[in-house]
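Heads up, the thing below is written out as structure tokens.
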Amino acid sequence: METEASMSAFRAIWVAPSIILGMGMTRLFSDAITLFRSRHDVRIDWIPLVWAVCIFIWQIQYLWAIIELPAFVQKWTLFDFFILLFLSLSLFVSAALVLPDNQLKTGARLDENFLRDGRWSLIALSAWGVTAVLADLTMFDVPLLSWDVGLMSIVATAPLIYLIADKRPLRALITGSNLVLTLWAAWVLSPKSY
């Protein structure tokens, strides 16, 4: 009976975070299409595109992993709701800022746009990673000194390391490494079936 009540509460609680997450996915794809339309007039840079892919992977992973949450949380609190909401909001902000939302002017450079505006998406992505660690600790009862928390801590730190780096080759290395880490971590941390 308690599991049914928990599942029912989860369905009600999950409405707002899922809408925000869906808006973030829509925004990410819309901005990618806008950038595609600008491809003849703008110098496209692969680094922001890879960060956009990483954000999309985490959006999908979040949607997939959240399915198992009612099995772990028997009683929902306002704090639990805020964690779910902030996870969705931080992924939304990250998705909304990583790529330009309007067609860039002829001669503009995506790498310059990313360094000016897109970098804020990395701060939001890092905030998402920190919140995911908090969710692991509070909602999934994962021990602080565990593989999952350690892996998510690295995921949360990678965008900040990128922001500190000042040379393009180092930023490229961090971006490529982060893509590999994101793919691996999303696979390892996700349930394989339900």
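The values are calculated or read from the model by the stated rules, or taken from the named source; none is laboratory data. This structure is a prediction, so every number in the text was calculated from the model and none was measured. Here Cβ is always computed from backbone atoms with ideal geometry, including for glycine, and neighbour counts include all displayed protein chains. To get the accessible areas, we keep the full protein, side chains included, count just its heavy atoms, and leave off ligands, DNA and RNA. Shrake-Rupley method; radii C 1.70, N 1.55, O 1.52, S 1.80 Å.
Listed values, structure above:
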item	result
Nearest 10 degrees, 0 to 90: helix 46-65 Cα axis against the chain principal axis	10 degrees
Per-residue [θ]222 nm for the chain (sum of -39500 (n - 2.57) over DSSP H runs n ≥ 4, rounded to 500)	-24500 deg cm²/dmol
Within the accessible area of the chain (1.4 Å probe), percent carbon and sulfur	69 percent
Relative contact order %, the range 118-162, counting alpha carbon pairs below 8 Å whose residues are six or more apart	51 percent
Debye intensity ratio in log₁₀ form over the Cα atoms of the range 1-112, taken at each q of 0.10, 0.15, 0.24 Å⁻¹	-0.39, -0.68, -1.24
³J(HN,Hα), Karplus 6.51/-1.76/1.60, whole Hz, each residue of the range 70-81, x for Gly, Pro	x, 6, 9, 10, 8, 10, 8, 10, 4, 4, 4, 4
Protection proxy ranking, peptides 88-97, 12-21, average beta carbon neighbours within 10 Å, highest first	88-97, 12-21
Rounded if a/c under 1.5, otherwise prolate or oblate - the range 49-96, Cα gyration tensor axes	oblate
Dipole magnitude of the range 134-194 about its Cα centre (Cβ charges: Lys, Arg +1; Asp, Glu -1), debye to nearest 20	360 debye
Of 125, 181, 115, the one that fluctuates the most in a GNM where the chain has Cα springs shorter than 10 Å	115
Angstrom value of the Kirkwood radius, inverse mean 1/r, which spans all Cα pairs in the chain	17.5 Å
For the chain: accessible area per residue (Å², 1.4 Å)	53 Å²
Shape category assigned to the range 142-194 from the gyration tensor of Cα positions, a/c cut at 1.5	oblate
